[in-house]
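The values are calculated or read from the model by the stated rules, or taken from the named source; none is laboratory data. Note that the structure is a prediction, hence the values are computed from the model and not measured. Here the Cβ is made from the backbone with ideal geometry for all residues, glycine too, and neighbour counts use every protein chain on show. Accessible surface is based on the protein model in full, side chains and every heavy atom, while ligands, DNA and RNA are left aside. Shrake-Rupley method; radii C 1.70, N 1.55, O 1.52, S 1.80 Å.
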Amino acid sequence: MIENSGGKTVPITLKVNGQSYSIDVEPRWLLSDVLRHRLGMTGTHVGCEQGVCGACTVLVDGKPERSCLMFAVQAAGREITTVEGLTPADGLSPVQEAFQNHHALQCGFCTPGMVVTVEALLRDNPHPSEEQIREALSGNLCRCTGYQFIVDAVLDVAQKGVR
Ligand code: FES
Ligand code: FES
């Protein structure tokens, strides 16, 4: 959570989902907190805040990164994509639709991080094996689903080649 300590702020430009945002941040503020509390992008969830759960995963220059392990100042000038940026204005992406169809979420807390990770996986490897999917998602924890339905959803999108 961002608390303004009255400390020194620095101006940065964050490029998020194709848009530039010029904001002042304290150097200690995390990217995850700035996305949520300064830019209002609450699709990026924060669970553990220590790099373990993967709920806060965003793409930084196309690579999945934990936004709770990165200071906002470190993300300045880089291309950040959040789950909002992967969601079409008029509905769901094929990955999101597959999650819905396969009941690959229950509480949904892990889902944004899962979706972001899966997007990067399918971009790099459009036809992953079940093992490769499980490996790619090994840093995204889900306490509800038991993972099988998530894997099924990813296999389905990969098979349809609709991403
Ligand atoms: S909140 Fe970032 S990894 Fe858990
Ligand atoms: S759906 Fe609840 S943590 Fe994954």
* Structure fact -> In whole percents, the bins of 10 Å from zero upward hold the Cα-Cα pairs of the chain as 11, 40, 32, 13, 3, 0
* **Additional length obtainable on full extension of the chain from Glu3 to His103, 0.36 nm per residue less Cα span** => 32.3 nm
* To do: Return the distance in nm (one decimal) between the two label points of a simple spin-label model at Gln50 and Arg134, each offset 7 Å from Cα along Cα→Cβ.
  => 2.7 nm
* Taking the chain as a Gaussian network, Cα atoms linked when under 10 Å apart, which of Asp90, Asp152, Asp33 shows the biggest mean-square fluctuation? -> Asp90
* Asked: Carbon and sulfur together cover what percent of the accessible area of region 94-160 at a 1.4 Å probe radius?
  -> 51 percent
* Enumerate the amide H contacts of Val25 below 5 Å, restricted to partners 5 or more residues apart or on another chain; note that Pro and chain-start residues carry no placed amide H. => Val10, Ile12
* Structure fact -> Taking Cα pairs closer than 8 Å and at least 6 residues apart, the relative contact order of the chain in percent is 22 percent
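Dipole of region 94-160, Cα-centred, from +1 at each Lys and Arg C-beta and -1 at each Asp and Glu C-beta, to the nearest 20 debye? Present the calculation step by step, with values, prior to reporting the outcome.
Values: 4 positive and 8 negative charges, 33 e Å.
For this selection, approximately 160 debye.
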* Projected onto the charge dipole of the chain (+1 at Lys/Arg Cβ, -1 at Asp/Glu Cβ, origin at the Cα centre), which of Ser129, Gly62, Phe99 gives the Cα projection farthest towards the positive end? -> Gly62
* Asked: Given a cut-off of under 8 Å on Cα pairs at least six residues apart, what relative contact order in percent is computed for region 10-85?
  -> 39 percent
* In Hz, Karplus ³J(HN,Hα) per residue of region 138-144 (6.51, -1.76, 1.60; θ = phi - 60°; x = Gly, Pro) -> 5, x, 10, 8, 10, 8, 10
* Asked: With all protein chains present, how much of the accessible area of region 29-84 (probe radius 1.4 Å) comes from carbon and sulfur, to the nearest whole percent?
  -> 48 percent
* Return the single residue from Gly18, Gly113, Gly51 with maximal mean-square fluctuation; model: Gaussian network over the chain, springs between Cα atoms under 10 Å. => Gly18
* Contour excess over end-to-end distance, with Cα ends at Arg143 and Val162 and 0.36 nm allotted per residue -> 4.0 nm
* To do: Return the ratio Rg/(2.2 N^0.38 Å) for region 94-160, where Rg is computed over Cα atoms only.
  => 0.95
* Structure fact -> Expressed in angstrom and rounded, the centroid-to-centroid distance over alpha carbons for region 73-98 and region 1-52 is 16 Å
* To do: Kindly write out, for region 61-70 in residue order, the coupling ³J(HN,Hα) from the Karplus curve 6.51 cos²θ - 1.76 cosθ + 1.60 (θ = phi - 60°), rounded to whole Hz, with x marking Gly and Pro.
  => 6, x, 10, x, 9, 7, 6, 7, 9, 10
* Asked: Quick one: Karplus J couplings for region 49-59, per residue in order, coefficients 6.51, -1.76, 1.60, θ = phi - 60°, nearest Hz, x for Gly and Pro?
  -> 6, 9, x, 9, 8, x, 5, 8, 5, 10, 8
* What helices does the chain hold that run 15 Å or longer along their axis, going by alpha-carbon atoms, with a Kyte-Doolittle average of -1.0 or more, using DSSP H for the helix calls? -> 111-124, 148-160
* Could you give the accessible area per residue of region 34-163, probe 1.4 Å, as a whole number in Å²? -> 49 Å²
